[in-house]
Amino acid sequence: MPNWCEGVLKVRGPMENIKRFLLEGIDYNDYQYTPHMNVDGTVSLEEIAIPREGVKKEIDDQSVYITNPGELYIKDTRRMFVASDVIDSNVIRRENTSLIFIDVEQAWYIEAKDLAKISSKYGVDLRIFATESGMEFCQEIEVINGEITIDREIPYSDFMWEAPDPRIGG
């Protein structure tokens, strides 16, 4: 089982590009797996299909609301999931750009190259500050126009004291 690197993914760009990213770049697993105790004492995973009609995506120039009965994930990443079953964000407008926030978690660490591909594909800028409390580090990544402008891991000598919020991730 992996440690999780958690943070807030900021998505910035023209609202039409953000809408396209939300509609095409976020999906959910068609199945969820529930542990099942077998008669012989072993445990197996029971596969339960999740109907697609349970997904709701309401996106306009003021707010974003996406929910589903399963696990939301960011396409084109190595196991980056939305941290809850709902994306609920007000849209912040600044001149010709908009900005939304998505709570995410990714197994082990955030992949900057994945975010660069997403940025290029959808024409959005991405930024995240994430925490992984198991290995006691934070990551800061920024991608502008498909180019990685910041990609740094922040180690700490006293993680619990120095990290912005050492309770998340891990």
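The values are calculated or read from the model by the stated rules, or taken from the named source; none is laboratory data. Remember, it's a predicted structure, so these values are computed and weren't measured experimentally. In this analysis, Cβ positions are derived from the backbone assuming ideal geometry, glycine residues included, and neighbour counts consider all displayed protein chains. For the accessible areas, the whole protein counts, side chains as well, though only heavy atoms, and no ligand, DNA or RNA atoms are used. Shrake-Rupley method; radii C 1.70, N 1.55, O 1.52, S 1.80 Å.
Taking a sphere under 12 Å around the Cβ of ARG79 and counting the other residues whose Cβ falls inside, with K and R at +1 and D and E at -1, yields a net charge of -3.
Can you list the lysines whose alpha carbon is less than 25 Å from that of LYS56, not counting same-chain residues fewer than 8 positions off? Cα-Cα hits under 25 Å: LYS10, LYS19, LYS75, LYS121.
A simple spin-label model places the labels of GLU16 and ARG78 3.5 nm from each other, with each point 7 Å out along Cα-to-Cβ.
Within straight-line reach of LYS113, meaning a Cα separation under 12 Å, sit the following aspartates and glutamates at least 8 residues removed in sequence or on another chain: ASP76, GLU142, GLU147, ASP151.
Put +1 on the Cβ of each Lys and Arg and -1 on the Cβ of each Asp and Glu in the chain; which of ILE150, ILE18, ILE66 then has its Cα farthest toward the positive end of the dipole? The residue sitting most towards the positive pole is ILE18. For the chain, the solvent-accessible area with a 1.4 angstrom probe is 57 square angstrom per residue.
Taking all Cα pairs closer than 8 Å and separated by 6 or more residues, the relative contact order of the chain comes to 26 percent.
For the chain, carbon and sulfur atoms together expose 49% of the accessible surface, with a 1.4 angstrom probe and every protein chain in place.
With bins 5 Å wide beginning at 0, the percent of Cα pairs of region 91-158 falling in each bin runs 4, 16, 23, 23, 17, 9, 5, 2, 0.
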